[in-house]
Amino acid sequence: MNVVLMGPPGVGKGTQAAALKAFLGVPHVSTGDILRASMNEGSPLGKKVKEYVESGRLVPDELMGDLIAERLARHDAARGFVLDGFPRTLEQVAILDGVLERLGRSLDRVLILTAPEAEIVHRLSGRRSCPKCGSVFHLESRPPKAAGICDNCGSALVQRKDDTEEVIRERLRVYASQTVPVAGAYRTKGLLAEVDGLGEVAEIGARLKAGLGRTQPA
Ligand code: AMP
C-alpha cells in the first residue's frame, strides 16, 4: 500500500507511522528524519537545509522533490511506503503524483491526524528525542526511565532546535497556510480519511487502520 500520513507537527505522526510500517510491512519514509540525518552527517544536503529546518520554514520544493524521487525509487519501497511529512505544499502534491506516475504507481490512501493547537504546543514543547536511534519521549506523558537518557540505546536525549516555542508557532503557521490546502486537494480526490489524534497510542492506531480500510496485517 502507498500511504501518506499527514497532520500538524507534534500530532503523533512519527509514532503512528512506525506502527503502520510494521502493520503494512512497508518502510516509513519521514522527510524530517531524512533531513535531520543529513544535517547530523554534515552532508551537502544537510548544509543546504539546516537554516530552514532550524527556523521552522519549509525546505524549497525543488530540493524536496529530488529527495523524494530518489527515496521512493529505492528497492525497499517497491511494495509500498508510509510517507510522513511529505507532501507539505500543493506543489509537492504535483511532484509526488509525477514521481509515482514514473514508477507506474499511485496513492492508495491519505490519512490525516488531527488535534487541537493547545495540545500540539504542549506535546512539542515537552518532546525529547534520541539523536542516535530516533526514539521519542515526553517529559510528562512518556518520560524516559532515567531522566535525559534514551531507554532504547542509552544516549543523551535532546530537544530538537525546532521544538522551542517560537519555532513551534512558526511551524504551525506554515502548516495552516501551506499544508492544510494539501488535505483539501486529497479530499477532493476522494483519498482522505480524517482520524482523531487524541487518545491512547493503540487506540489512535486502530482508528488509522480503520481509515485504511484494513484491520489485518499485510
Ligand atoms: P518534521 O520532522 O516532519 O516536523 O520536519 C521538520 C522540518 O523539516 C520541517 O519544519 C521543515 O523545515 C523540514 N521538512 C520536512 N519535510 C518537508 C517537506 N516535505 N517540505 C519542506 N520542508 C520539509
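Derivation of every value follows stated rules applied to the coordinates shown; laboratory data play no part. This is a predicted model, so every value here is computed, not measured. Neighbour counts are summed over all protein chains in view; Cβ atoms, including those assigned to glycine, are modelled from backbone coordinates with ideal geometry.
Once you have the Cα-Cα distance between VAL201 and ARG173, take 0.36 nm times their residue separation minus that, and quote the gain in nm to one decimal. Can you show the working numbers first?
Values: separation 28, 0.36 × 28 = 10.08 nm, distance 2.58 nm.
That works out to 7.5 nm of additional length.
Hey, what did the range 43-145 get for relative contact order, percent, Cα under 8 Å, at least 6 apart?
Numbers: 41 pairs, mean separation 13.6, N = 103.
Relative contact order of the range 43-145: 13 percent.
Please tell me the relative contact order of the chain in percent, rounded to the nearest whole number, where contacts are Cα pairs under 8 Å and at least six residues apart. List each step's numbers first, then the result.
Working: 316 pairs, mean separation 64.2, N = 218.
29 percent.
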At 222 nm, what helix-only mean residue ellipticity would the chain give, in deg cm²/dmol to the nearest 500, using -39500 (n - 2.57) for each DSSP H run of four or more?
-14000 deg cm²/dmol
Suppose each label sits 7 Å from its Cα in the direction of the beta carbon; what would the VAL180-GLU166 distance come out to in nanometres?
2.5
Between the range 174-194 and the range 48-127, what's the alpha-carbon centroid distance in Å?
13
At R0 = 25 Å, FRET efficiency that the Cβ-Cβ distance of HIS75 and GLU194 yields, to 0.05:
0.15
Residue by residue through the range 90-100, the couplings from Karplus 6.51 cos²θ - 1.76 cosθ + 1.60 with θ = phi - 60°, in Hz, x for Gly and Pro, are 5, 4, 5, 4, 5, 4, 5, 4, x, 4, 5
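Which entries in the list LYS47/LYS161; LYS21/LYS48; LYS13/LYS161; LYS132/LYS161; LYS21/LYS47 go over 21 Å, if you measure between the two C-alpha atoms of each? Before the final figure, lay out each step's value.
Working: LYS47/LYS161 15 Å; LYS21/LYS48 29 Å; LYS13/LYS161 19 Å; LYS132/LYS161 16 Å; LYS21/LYS47 29 Å.
As for pairs spanning more than 21 Å Cα to Cα, those are LYS21/LYS48; LYS21/LYS47.
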Inter-label distance for ARG57 and LYS132, nm, one decimal - labels placed 7 Å from Cα along Cα-to-Cβ
3.5
³J(HN,Hα), Karplus 6.51/-1.76/1.60, whole Hz, each residue of the range 132-148, x for Gly, Pro:
8, 10, x, 4, 10, 10, 9, 3, 9, 8, 8, x, x, 4, 10, 3, x
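In debye to the nearest 20, how big a dipole does the chain give about its Cα centre with +1 on each Lys and Arg Cβ and -1 on each Asp and Glu Cβ?
Details: 30 positive and 27 negative charges, 80 e Å.
With only Lys, Arg, Asp and Glu charged at Cβ, the dipole is about 380 debye.
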Give me the distance in nm between label points sitting 7 Å out from Cα along the Cα-to-Cβ direction at ARG102 and LYS48, one decimal.
1.5
Name the residues whose placed amide hydrogens come within less than 5 Å of the amide hydrogen of VAL29, ignoring near sequence neighbours (fewer than 5 apart) on the same chain.
VAL82, LEU83, ASP84
Please name whichever of ILE204, PHE137, ALA78 sits farthest to the positive end of the charge dipole of the chain, dipole taken about the Cα centre and charges placed at Cβ: Lys and Arg +1, Asp and Glu -1.
ALA78
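Determine, for each peptide in 49-56, 123-130, the mean count of other beta carbons within 10 angstrom over its residues, then list the peptides with the highest first.
Output ranking for 49-56, 123-130: 123-130, 49-56.
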In sequence order, what are the phi-derived ³J(HN,Hα) couplings for the range 19-28 according to the Karplus relation 6.51 cos²θ - 1.76 cosθ + 1.60 with θ = phi - 60°, rounded to whole Hz, with x for glycine and proline?
5, 5, 4, 5, 5, 8, x, 10, x, 8
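If you stretched the chain out fully between THR15 and SER125, how much longer would it get, using 0.36 nm times the residue separation minus the C-alpha to C-alpha distance? Walk me through the numbers before you get to the answer.
Details: separation 110, 0.36 × 110 = 39.60 nm, distance 1.65 nm.
38.0 nm is the gain from fully extending THR15 to SER125.
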